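Report on the following structure.
The values are calculated or read from the model by the stated rules, or taken from the named source; none is laboratory data. Everything numeric here is computed off the predicted structure, so don't read it as measured data. Cβ sites come from the backbone with ideal geometry, for glycine too, and all protein chains shown count toward neighbours.
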Amino acid sequence: MSQYIHDDKIKKLEELANQARELLIGELTEAKSGHTAGPLGMADIFTALYFHILNHDPKNPDWEERDRLFLSNGHICPIRYAVMAMSGYFPLEELQTLRKFGSRLQGHPERERLPGVETTSGPLGSGLGQAAGYAYAARMDGKKFRVYCAMSDGEQEAGNIWESAMFAGKYKLNNLTGIIDRNNIQIDGMVENIMPLEPLKEKYEAFNWHVIEIDGHNFEAIVDAVEEAKAIYEKPTMIIAHTIPGKGIKDMEFDYKWHGVPPKPEEAKKFLDELRTLGGKITSEHQ
Amino acid sequence: MINPDAKLVDNLSDKSKLEMAATRDGYGKGLVEAGEKDQRVVVLSADLTESTRSHWFAEKFPERFVQVGVAEQNMATVASGMANYGKIPFIASYAVFSPGRNNEQIRTTISLNNVPVKIGGAHAGISVGPDGATHQALEDIALMRVQPNMVVLVPCDAIEARKATAAAALSVNWRSKPTYIRFGREKSPVFTTGETPFEIGKAEIFRDPSIHSGQAADCVIIGCGMLLYNALIAAEELSKEGIECMVINSHTVKPLDEKTIIEAAQKTGAVVSVEEHQINGGLGSAVAETLSRNFPVPQEYIGVQNRFGESGEPDELIEIFGMGIASIKEAVKRAIARKK
């Protein structure tokens, strides 16, 4: 039993994550391009972040004391957009503008276009350094907020990540928490085939990080890990979250081919049915 | 002939009497000045603290100095995060590494992100000398000037480098912009003074024969960086041969002071651009892009002609690679000969 989250809140988060997945399928289908598997796999973590973990104010995105969430692998932004819309940063209908001309919801997120995204990202490997620099600067000024950085596992292949890991370890950035989406897929195939990362936990530990491995679909584990990170004084913390790419849609789960493509309209209908009925377990209103 | 408003040193042409100092010294002094006046200024180094002259700041403000090790990509991303928070970070390394190696990090996390990181490119140009081609940055101006939001400054001596560095952090109009400041390793003549006007975005007319004669000059030499001294000497020598040149210090390569440059082209009808950089993509290209749209005139390019550098003594390389005084004079004559 977690000391940090009640069962009824977990239930609520599960419902919200399911709604986020539905919105995600909708926006990607409308956009006709974008990434599907990664965002579905991170739906639970982003829901936990926006609806339980982060100190933030959707009506005042620039609130100075807010926690900062850097998204390093910008391509999974559609799930961030979905959860931001659900939180009240912008109207749900705006999700339909994803990847379209003039939209604030760029294919990869841009800081100056959409308040609340914190930074412009997409090219892999550069988010952790930005989050570390931000955390360093905030600590210089005695700020109390925390800095989070969500990353993919594939981008751990980039050298910039390890330069940043070394930096954060050296400077004991205990206000920085990284989250790696360990879903084992990248564009060309399975991560451990493309370029093995294991032993990933030991790598970060060797770089002077505190490392926690969790089931990235277990809200209790997500929340507990973040709380544990807050209690670690001497080190930054890396949460390696094992996730299922395409989570929530059986045909998609574990299939790397869904990394960079959106559902077609007929697929979307089937997927939405699956999400709304929790895989056929319940009857949904729309039926 | 020297524009009195430029407040250059007296006896400019007697090199033996001029103080010699490296533009990197100006960067170091500018950092301290900026740090004294604005608490938000922080300085990062990638294991080149002394050779980028960042150590003066580090000694004075150790709590605002950050060592990142040999990791220029990380230095750019960490600085982006600090600037995003609200600091004004200066990052310096050799220009081949920053903005060379870390170019994409600068593009995405600094320029597109539009955060005020100040990038110091040290040991730029061929005058790095004996280190050879790997360490002679000859494409850094081009790399930086094609990025939207980025301001590009190329100071001509140590005093101007100090002003440019301080202004990048302190100028109300420019402190919030990503900025690249280029400087060199070698000592070079200090020919501007504390009173020489310096304003980002405004080119300065250093020499204008028409001030005395009322007659328009035959050619305008538009330069940046340390070679501007050679340009002034070349103009002086040409004057003795009866050829009169304006000389413009275009220290801000971006945004280019188009008005000053177009007016000079209109007055003189011939241009020579001078820079210690590839002739592709640098100041000369910026000038040509502007003039071709507004007032096309013959232009000759002093710079490195699409080849890599090599080891040698700095002065020797400047001559061999066609950036010496004699080469500038020849280029002026070629440009004038092409006038219709």
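Here are a few things to note about the model shown:
- A single member of B:A71, B:A34, B:A21, B:A95 is in contact (Cβ under 8 Å) with a residue 12 or more places away in the chain, closer than 30 Å to A:G116 by Cα and either crowded, with 24+ Cβ neighbours inside 10 Å or in contact with a helix residue (DSSP H, G or I) (Cβ under 8 Å, 6 or more places away or on another chain) (or both), and it is B:A71.
- From the list B:L256, B:L317, the lone residue that is over 25 Å from B:G129 (Cα atoms), in contact with a helix residue (DSSP H, G or I) (Cβ under 9 Å, 6 or more places away or on another chain) and in the same structural domain as B:Y229 (by TED's automatic domain parsing) is B:L256.
- Count of the range A:80-133 residues which are touching a helix residue (DSSP H, G or I) at 6+ places or on another chain (Cβ under 6 Å), over 18 Å from A:G38 (Cα atoms), more than 8 Å from every other protein chain (Cβ to nearest Cβ) and not in a loop (DSSP other than H, G, I, E, B): 4
- From the options A:R68, A:R80, A:R104, residue that is among the basic types (K, R) and closer than 23 Å to A:N184 by Cβ: A:R80
- Consider the range B:76-95 and keep the residues that are among the β-branched types (V, I, T) and more than 8 Å from chain A (Cβ to nearest Cβ). The one that is nearest to B:W56 (Cα to Cα) is B:I91.
- One residue stands out among those in the range A:231-287 that are of a type in the set (F, W, Y) and more than 20 Å from the chain's Cα centre (by Cα): the one that is nearest to A:V147 (Cα to Cα), which is A:Y233.
- Between B:A216, B:A158, the distinction of being touching a strand residue (DSSP E or B) at 6+ places or on another chain (Cβ under 9 Å) and crowded, with 24+ Cβ neighbours inside 10 Å belongs to B:A158 only.
- In the range B:74-88, the residues that are touching a residue at least 24 places away in the same chain (Cβ under 8 Å) form Cβ pairs under 7 Å with partners that are surrounded by 24 or more Cβ atoms within 10 Å (Cβ to Cβ) and of a type in the set (K, R), at six or more places apart or across chains, as follows: B:I88/B:K118.
- Of residues in the range B:297-313 being part of a strand (DSSP E or B) and not aliphatic (A, V, I, L, M), the one farthest from B:D218 (Cα to Cα): B:G303
- Matching strands (runs of 3 or more DSSP E) fully within the range A:147-258 where at least 1 residues are within 14 Å of chain B (Cβ to nearest Cβ): A:147-152, A:176-182
Matching residues to (1) touching a Gly at 6+ places or on another chain (Cβ under 8 Å); (2) in a helix (DSSP H, G or I); (3) more than 10 Å from every other protein chain (Cβ to nearest Cβ):
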{"position": "B:N74", "(1), (2), (3)": "yes, yes, no"}
{"position": "B:F97", "(1), (2), (3)": "no, yes, yes"}
{"position": "B:T108", "(1), (2), (3)": "yes, yes, no"}
{"position": "B:P116", "(1), (2), (3)": "no, no, yes"}
{"position": "B:P155", "(1), (2), (3)": "yes, no, yes"}
{"position": "B:A161", "(1), (2), (3)": "yes, yes, yes"}
{"position": "B:A164", "(1), (2), (3)": "yes, yes, yes"}
{"position": "B:S176", "(1), (2), (3)": "no, no, yes"}
{"position": "B:R185", "(1), (2), (3)": "yes, no, yes"}
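- Applying a threshold of 6 Å to beta carbon distances and a minimum spacing of six or more residues, or different chains, the list of pairs starting in the range B:5-18 at a residue that is basic (K, R) and ending at one that is part of a loop (DSSP other than H, G, I, E, B) reads B:K7/B:T193; B:K7/B:E195; B:K7/B:T196; B:K17/B:N11.
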